[in-house]
Amino acid sequence: MKAAAFDLVRPRTVADALAALADGARPLAGGQSLGPMLNFRLATPERLADIRTLAALRAHAETDDTITWGAAVTHAEVEDGRVPDPTGGTLRAIAGHIAYRAVRNRGTVGGSLAHADPAADWISALTALGGSVRIAGPEGEREEALTGWMSGAFATQLAEGELLLSVTIPRPRPGARLAYRKLCRKEGEFAMAIAAVLDDPARAIRRVVVGATDGAPIIAEGADAGPRAHAAIDAWPGEAWKARLLHVSLDRALGDIAA
Amino acid sequence: MTTLTVNGIETTLDVPPRTHLADALRETLGLTGTHLGCEHGVCGACTVELDGSPARACIAFAAACAGAVVRTIEGFEYDSVMAELRAAFTAHHALQCGYCTPGMLITARDIVLRIPGADEARVRRELAGNLCRCTGYQGIVDAILAVLAARRG
């Protein structure tokens, strides 16, 4: 399939990019989801703004309490440890199982969060870690917690004309663990079920995220987050076989934490 | 107009933004070694080296590759690792129809250089994004493992 005709602009700064978005352009980052959508003509934008190489989106930063990845950091850069991983390797491992290396070399963390496929990895993993995103728009910049980020499949708090700049991840304290399990029939395909569990005793945080629910993830927090997430899966309106997979992935992730 | 480097030669393309990189390579530059299978980033037949790393040419748009350095299968003629892989693919019957082979070779070369200690399970995992409908993969995996073993000495 071939994409329908579109115009392409290549802004050099965030301000230029916002001007292009205000003028009706849609952002194009790594294009690993948008490219297929364009080729299938599921997306037929009139104009795209190529933001993949914007310096502000390619940066990363660290503080004592957080790490920040620019939105255009690629999955391969996380996989290779070219940007810091606050979990001591779990995010690197998650990155290494996103799609395929040729896709990870182009696909971006911010693109994945903005596209918000329910079965994508970063939505679940970074939500479990308590991440937040920084957004630029016509009214200035703002932060959004990932726990409230998705309102449904492919639907987020990102408004028309806004640009996702970066994601900030609080550092888990020593002794904390992030467990992440997904079920796929084939390496690299979108997951049929995802469970991410953060257990951070020093901060008294236990957060469970169940992803690949065909909508916004199931999120439960607190000491009984596991049982409450299981109860939420029982109440989930999807098909029984898929609910079963969600239960299994959650059991496995909780088992990793308990091990 | 989009200027990029293809197989070491600076090239200016006059293609609309909707033209993906694989079509620009094949139709405009005549580099038909880059094959098109699914055209939505799943099959890996169109895999090229883009700025030094493997990428899908069917979901990269040529106009968004301005300034990029592209290497297609034709650009690896004198590459020593690719020469080892070509010989191993021949010895291990790692191709039949050959449609997936350019993408397989570019992915294989990345495996050999990036993961020198890869075992069979890792090679199979890394090949998951390149589909072959002839060989059942065994020959391809054997060929890559042979090159890895030979380079480890």
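The values are calculated or read from the model by the stated rules, or taken from the named source; none is laboratory data. Here the structure is a predicted model, which is why all the values come from computation and not from measurement. Here Cβ is always computed from backbone atoms with ideal geometry, including for glycine, and neighbour counts include all displayed protein chains. Keep in mind that these areas ignore ligands, DNA and RNA; they rest on the heavy atoms of the full protein, side chains included. Shrake-Rupley method; radii C 1.70, N 1.55, O 1.52, S 1.80 Å.
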If each K or R counts +1 and each D or E counts -1, the residues other than B:E126 whose Cβ falls under 12 Å of its Cβ total +2
Reported to the nearest 10 Å², A:C184 has, with a 1.4 Å probe, an accessible area equal to 40 Å²
Here, segment B:67-153 modelled as identical Cα point scatterers in vacuum has Debye log10 I(q)/I(0) at q = 0.13, 0.19 Å⁻¹ of -0.37, -0.80
At 25 °C in a medium of viscosity 0.890 mPa s, segment B:2-75 has a Stokes-Einstein diffusion coefficient, with Rh taken as the Kirkwood radius over alpha carbon pairs, in µm² per second, of 209 µm²/s
Rounded to one decimal in nm, the spacing of the 7 Å Cα→Cβ label points at B:A66 and B:I9 is 2.3 nm
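Considering the convex hull of the alpha carbon atoms of segment A:120-249, report its projected area averaged over all viewing directions, in nm², one decimal.
On the way: hull surface 34.9 nm².
Over every viewing direction, the Cα hull of segment A:120-249 projects on average to 8.7 nm².
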Result for segment B:9-153: accessible area per residue, probe 1.4 angstrom, in square angstrom, of 40 Å²
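Per residue, how much accessible surface does chain A expose to a 1.4 Å probe? Answer in Å², no decimals. Please report the intermediate quantities before stating the final value.
Details: 10800 Å² over 259 residues.
Using a 1.4 Å probe on heavy atoms only, each residue of chain A averages 42 Å².
Near B:D23, within a Cβ-to-Cβ distance under 10 Å, what is the net charge of the other residues, with Lys and Arg +1 and Asp and Glu -1? Before the final figure, lay out each step's value.
Values: positive: A:K2, B:R18, B:R26; negative: B:E27, B:E39.
Summing Lys and Arg as +1 and Asp and Glu as -1 gives +1.
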So, with points 7 Å from each Cα along the Cβ direction, the A:A223-B:T28 label distance in nm works out to 6.4 nm
Restricting to Cα pairs under 8 Å and 6 or more apart, the percent relative contact order of segment B:78-152 works out to 47 percent
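List the GluC sites (Glu not before Pro) in segment A:101-169 that DSSP assigns to loop (not H, G, I, E or B) and whose Cβ has at most 11 other Cβ atoms within 10 Å. Which are they? Could the numbers behind the result be given before it?
Working: sites: A:E139, A:E141, A:E143, A:E144, A:E160, A:E162; in loops: A:E139, A:E160, A:E162.
Answer by residue number: A:E139, A:E160.
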Once all protein chains are kept in place, B:E77 shows an accessible area at probe 1.4 Å, nearest 10 Å², of 110 Å²
Quick numbers on chain B, Rg and Dmax over C-alpha atoms in Å, give 15.3, 48
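Going by the alpha-carbon gyration tensor, a ≥ b ≥ c the square roots of its eigenvalues, is the protein assembly as shown rounded (a/c under 1.5) or, if a/c is not under 1.5, prolate (a/b greater than b/c) versus oblate?
On the way: a/c = 1.87, a/b = 1.28, b/c = 1.46.
Oblate.
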Taking A:D200, B:D14 and ranking on accessible area (1.4 Å, protein atoms only), highest first, one gets B:D14, A:D200
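Give, to the nearest whole percent, the P(r) tail of segment A:1-151 beyond 21 angstrom, counting all Cα pairs.
45 percent
Could you compute Rg(Cα) / (2.2 N^0.38 Å) for segment A:177-258, with N its residue count?
Numbers: Rg = 12.1 Å, N = 82, 2.2 N^0.38 = 11.7 Å.
That works out to 1.03 for segment A:177-258.
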Rg/Rh over Cα atoms for segment A:7-48, Kirkwood Rh, comes to 0.99
For the pair B and A, the solvent-accessible area buried on both sides (1.4 Å probe; DNA, RNA and ligands excluded), in Å² to the nearest hundred, is 2400 Å²
Taking trypsin sites (Lys or Arg not before Pro) in a DSSP loop with at most 14 other Cβ atoms within 10 angstrom as exposed, one finds the longest site-free stretch of chain A at A:83-184
